[in-house]
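The structure appears right after this line, and notes come after that.
Only the coordinates and a few stated rules stand behind these numbers; no lab work does. Just so we're clear, the structure is a prediction, and the values are computed from it rather than from any experiment. Here the Cβ positions follow ideal geometry from the backbone for every residue, glycine too, while neighbour counts run over all protein chains shown.
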Amino acid sequence: MKIQSSLLIVLSFIILLQSQLHAQSLSWEEAQKEGKATLDLHWYISNPFIYENKNGEPEGLEVEIIESFQSYVQENYQIDLKLNWIQSKSFNYILNEIALETKPNTLGVSAFSITEKRKEKVDFTNSYLSDVAVLVSSKGTPIVRTLGEINNMMEEMTAVTIKGTTYEQFILDLKKQLNLNFEILYIESDKNILDEISKADDRFGFIDLPIYLMLIKRGGTLTRQNFFTIKGNGYAFIAPPNSDWVSIFNEFLAEPKTTMKLATITSKYMGPELYNFIDGLYSEDNLGASILTKEKEIQLEQLKNTNLLLEKEKNTRTTYIIITVVVTILLGVIIALFYREQKISNLLSRKNKQIELQQNSIKSKNEQLYNRNLQLTSLNEEKNNLVKILAHDLRSPINQISGLLDILKLSHNTLTDDEEKIIHQAQDSALRLNQMISKILDFDALEGNRMKVMPEAIKVKELLKTVEEELKVTADKKNTRIHYQLKENIEFKSDHLFLTQILENIIVNAIKFSDPASEIFVSAEKKKDKVLFSIKDQGPGLTEEDKALIFKKFQKLSAQPTAGENSTGLGLSIVKKYVDLLNGEVWVESEKGKGSTFFVALPV
């Protein structure tokens, strides 16, 4: 009897074990028949999507989505679904596990971005959240705007990424596209890319936009670069090929109640403000501008929450002293620079006169003349280097002045009209200095052939809209109306940055040399194999002598700015350089007293 009883117990245990093993490998179709199933969930740390809590259990945004799915199949299909969380070795290891998995009831959970390459190995559920990646660099890294600046910065930096992720692919694409030779630092999947970038001043890497914005909201100070912002196909869960659990999961995601639940869960980990921004980001026409606006909103909110506004009167007096000291230093630097330029110019003039007097005896003094020419060349190079160094070094105190003035503007309720006027005048002065420096540096880069063309698809309508937004403040200051006319929606390939600079320089010139309340007409049309832009103003027009000099550098023409604006004489020479780089043509048609029309023709 004892033997029979023992055999029954063993047999019952075997039957129970088989039943459990069967439940652990059921397809969705089989699970509906059995009324129960187990879902194996392979995961690895990807904060805030999924991470380990103090008790060693998985927690995060994706965990709550899976638990909501568990409740969904219980309520709608009366299926008792068990969740079996399995921590994997790495992010990339999960992909390989799921690709080779034969059990249909398996999901990969670790903030997977949907890509075509991954679709070849695994199946994806529908996306539950928009996927945007941004390029972030170390604290204090300047925001680069031109291709030359990008190349100079990247060559000296190290990329930080995780092997097997979309971050790594973006890094490799960037390296190939720009033909750069920067180093790549690979870190483990459980480490944070942003933390690794923060450890040095020469690092950069791609990171998900929500994670970056959460860093900024916490007061982080890394720099986001405005180029190579990448829209993905969204975040999703992965399953073995042909798993029918994907269909029921997609049904769950499509439910209106699920949409509301997802909003609640995501807002819990990112905050409602960031979730609403990320959720609506794909509908934005100008992704870069939208992200930049949100950054500024977050930073402004952070500024409001600090103690910088305490003791306003004391801070105001301190700020005035700082401004006075900085302005005095700037004036001293400018005077020293002017004196240096005059001294070098006078020296060059004297040397030239000496050379003219010595022409009759040039054969006997060839060696002396050669040495003097070397001296002149050295002095000229020294002058150019001094201008570039001072231009670069002046930017930092000017930006500090602008920042201090912005702080003062926040306390405008306690300022008198005279104080507000002084602040406004100081801001205008700082802006003019910054513009002069930018033009000098841009022209130096052009002269040194360090600018490279990066052709990309351009929609002229969107381009003109961007130009309109950029110049609105400048036009409003002189009550100038700018009419943007486009007969058809034109698309062609060119360098977006260069073309934007070309149009903005010409339009700003039109505003500067036209009377207040004037009108400017900007149009674009396609003619055969060219796109023709025209900018017509109501300014004073040009003389024949002006037209011969207009595209040369450092030229002062007969017309003068109508509101006392500053003019470096570089704007239109830079336009000519950019147009030449784009294999285009630029010319002007004008009569004295009848305004001017500038034309830019670029190949399609």
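Determine the alpha carbon to alpha carbon distance for each of LYS139/LYS191; LYS478/LYS552; LYS54/LYS257; LYS526/LYS552 and list only those over 24 Å. Spell out each step's value before the answer.
Details: LYS139/LYS191 19 Å; LYS478/LYS552 27 Å; LYS54/LYS257 31 Å; LYS526/LYS552 28 Å.
Pairs exceeding the cut-off: LYS478/LYS552; LYS54/LYS257; LYS526/LYS552.
Place the peptides 170-182, 338-350, 572-584 in order of packing, highest mean first, counting for every residue the other Cβ atoms within 10 Å and averaging per peptide. Display every interim value, and only then the final one.
Values: 170-182: 14.5, 338-350: 11.8, 572-584: 19.1.
The packing order, highest mean first, is 572-584, 170-182, 338-350.
With unit charges on the beta carbon (Lys/Arg positive, Asp/Glu negative), name the residue among ILE150, ALA200, LEU129 whose Cα is farthest towards the positive pole of the charge dipole of the range 107-212.
LEU129
If you place +1 on the Cβ of every Lys and Arg, -1 on the Cβ of every Asp and Glu, and leave all else neutral, what size is the dipole of the range 101-183 about its Cα centre, to the nearest 20 Debye?
On the way: 10 positive and 11 negative charges, 33 e Å.
Charge dipole, the range 101-183, about its Cα centre: 160 debye, nearest 20.
Would you mind putting 586-595, 513-522, 49-58 in packing order, based on average other-beta-carbon counts within 10 Å, highest first?
Going by the mean number of other Cβ atoms within 10 Å, highest first, we get 513-522, 586-595, 49-58.
State the dimensionless ratio Rg/Rh of the range 455-603 (Rg: radius of gyration of Cα atoms; Rh: Kirkwood radius).
So for the range 455-603, dividing Rg by the Kirkwood Rh gives 0.94.
Arrange the following residues from fewest to most other Cβ atoms within 10 Å of their Cβ: ARG317, ARG145, ARG224. Mind dumping the intermediate values first?
On the way: ARG317 11, ARG145 15, ARG224 21.
Listed from fewest to most nearby Cβ atoms, that is ARG317, ARG145, ARG224.
Could you tell me the relative contact order of the range 455-603? Use alpha-carbon pairs under 8 Å, at least six residues apart, and round to a whole percent.
Working: 274 pairs, mean separation 35.9, N = 149.
Value for the range 455-603: 24 percent.
Tell me, what is the percent relative contact order of the range 122-230, built from C-alpha pairs under 8 Å that lie six or more residues apart? Please list the in-between numbers first.
On the way: 152 pairs, mean separation 52.9, N = 109.
Worked out over the range 122-230, it gives 49 percent.
With +1 assigned to the C-beta of every Lys and Arg and -1 to the C-beta of every Asp and Glu, and no other charges, what is the dipole magnitude of the range 455-603 about the Cα centre in debye, to the nearest 20? All intermediate terms of the calculation are to be shown ahead of the outcome.
Numbers: 23 positive and 23 negative charges, 22 e Å.
It comes to approximately 100 debye.
Please compute P(r) over all alpha-carbon pairs of the range 113-250, binned at 5 Å starting from zero, and give each bin as a whole-number percent.
Each 5 Å bin holds this share of Cα pairs: 2, 10, 18, 21, 18, 13, 8, 6, 3, 1, 0.
Which order do peptides 506-512, 212-218 fall in by mean Cβ count within 10 Å, highest first? Kindly include the intermediate steps, with their values, before the conclusion.
Numbers: 506-512: 22.9, 212-218: 18.6.
Going by the mean number of other Cβ atoms within 10 Å, highest first, we get 506-512, 212-218.
Within a 10 angstrom radius of the beta carbon, how do HIS42, HIS483 rank from fewest other beta carbons to most? Please list the in-between numbers first.
Numbers: HIS42 22, HIS483 10.
In order of increasing Cβ crowding within 10 Å: HIS483, HIS42.
As a quick test, which of the pairs LYS536/LYS592; LYS117/LYS176; LYS465/LYS512; LYS89/LYS121; LYS452/LYS576; LYS268/LYS409 have an alpha carbon distance above 25 angstrom in this structure?
Distance filter (> 25 Å) returns LYS268/LYS409.
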